[in-house]
1. Using Cα-Cα distances under 8 Å and only pairs 6 or more residues apart, what relative contact order does the chain have, in percent?
2. Run lengths n ≥ 4 of DSSP H only: what is the helix-derived mean residue ellipticity at 222 nm for the chain, with -39500 (n - 2.57) per run over all residues, to the nearest 500?
3. Pulled fully out, how much extra length does the chain show between residue 192 and residue 163, if you take 0.36 nm times their separation in residues and subtract their Cα-Cα distance?
4. How long, wide and thick is the chain, going by the Cα atoms along their three principal axes, in whole angstroms, largest first?
5. Consider all pairwise Cα distances in the range 151-224 and report the whole-number % of them above 17 Å.
6. Under a Cβ-only charge scheme (Lys and Arg +1, Asp and Glu -1), can you give me the dipole magnitude of the range 166-224 about the Cα centre, in debye to the nearest 20?
7. What's the magnitude of the charge dipole for the range 101-224 around its Cα centre, counting Lys and Arg as +1 and Asp and Glu as -1 at the beta-carbon? Answer in Debye, nearest 20.
8. Can you tell me the length gained on complete extension of the stretch residue 62 to residue 218, counting 0.36 nm per residue apart and subtracting the Cα distance?
Amino acid sequence: MKKLIIITGASSGLGEAISEHYLREEECKIISISRRVSKKQEQLSTDKFQFISQDLSGQLKKQTLSALEENINNYDEIIFFNNAGTIEPLSEFKNSSKKLIHNALMININTPIELIHFLLSYSELKKMKFINISSGAYKQSIENWSIYSSCKAFTFRFFEILKAEFSTQNQISFISIDPGVIDTNIQDTIRERSFPMGEYFRSLKSNNQLRSATEAAAFVINQI
Ligand SMILES: NC(=O)c1ccc[n+]([C@@H]2O[C@H](COP(=O)([O-])OP(=O)(O)OC[C@H]3O[C@@H](n4cnc5c(N)ncnc54)[C@H](OP(=O)(O)O)[C@@H]3O)[C@@H](O)[C@H]2O)c1
């Protein structure tokens, strides 16, 4: 069965590692929606890997939706990963910039919801899996992470409700997966900052307790 994998944020970290996995599969094309594309990804044939340049903190561009539309029609199964995310603003809420708050709500909530709504317009015609990259943070009250953790709580609940709404349609599924704590750019940012749980995250790195992006991708893909 021909699969189309749509990943937000496949330019680095977990998203890149997930895309590496699907690059090895035949009859499968990957679309990455993000601001950047890696050097390696740039070299790939567009039949296998297509980059859609889209800043998820802004409005979805018409070109983004039309590029998705052109592809969707050629595939039997669509797997969408809501993966892109930002930890910013990593600061006390009252000191957080309005711009960073706005961007985070767009990247972590608004734009993925709009993309999922768009993709669901094909739900009568295609087999579809929606994967939400969640985080243990949604269950915890980590000071200075108010926006990030709340966004993760939002998307977790959103996916649970969509799962219930589509429970009678076998060809459409929704799952949230917590990939664990991973050695990516987000953790670099976390370690650089000063906040009450900062030392804990620095100790995870120094004690080699972070998952590699490849390990986390394998963990995610095993659950799909
Ligand atoms: N690392 C962890 O410990 C951990 C733990 C639990 C959950 N997660 C989740 O895992 C997911 C992936 O994060 P990661 O750890 O792999 O970090 P990462 O390496 O920083 O990756 C984040 C991805 O999000 C994309 N992104 C960020 N801002 C964007 C924007 N404005 N527009 C478009 N794309 C944007 C980035 O692409 P561009 O920069 O190219 O735009 C990048 O590919 C996130 O949802 C994160 O919350 C991570």
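Any read-out appearing in this document is the output of simple, stated calculations on the displayed coordinates, not a laboratory observation. What you are looking at is a predicted structure, and each value in this text was computed from that prediction instead of being measured. Note: ideal-geometry Cβ built from the backbone for every residue, glycine included; neighbour counts use all protein chains shown.
1. Worked out over the chain, it gives 21 percent.
2. Numbers: 9 runs with 91 residues, N = 224.
Taking each H run of at least 4 residues, the total per residue is -12000 deg cm²/dmol.
3. 6.7 nm
4. 49, 35, 31
5. 59 percent
6. Charge dipole of the range 166-224: 80 debye, to the nearest 20.
7. On the way: 12 positive and 11 negative charges, 29 e Å.
Value, rounded to 20: 140 debye.
8. 52.9 nm
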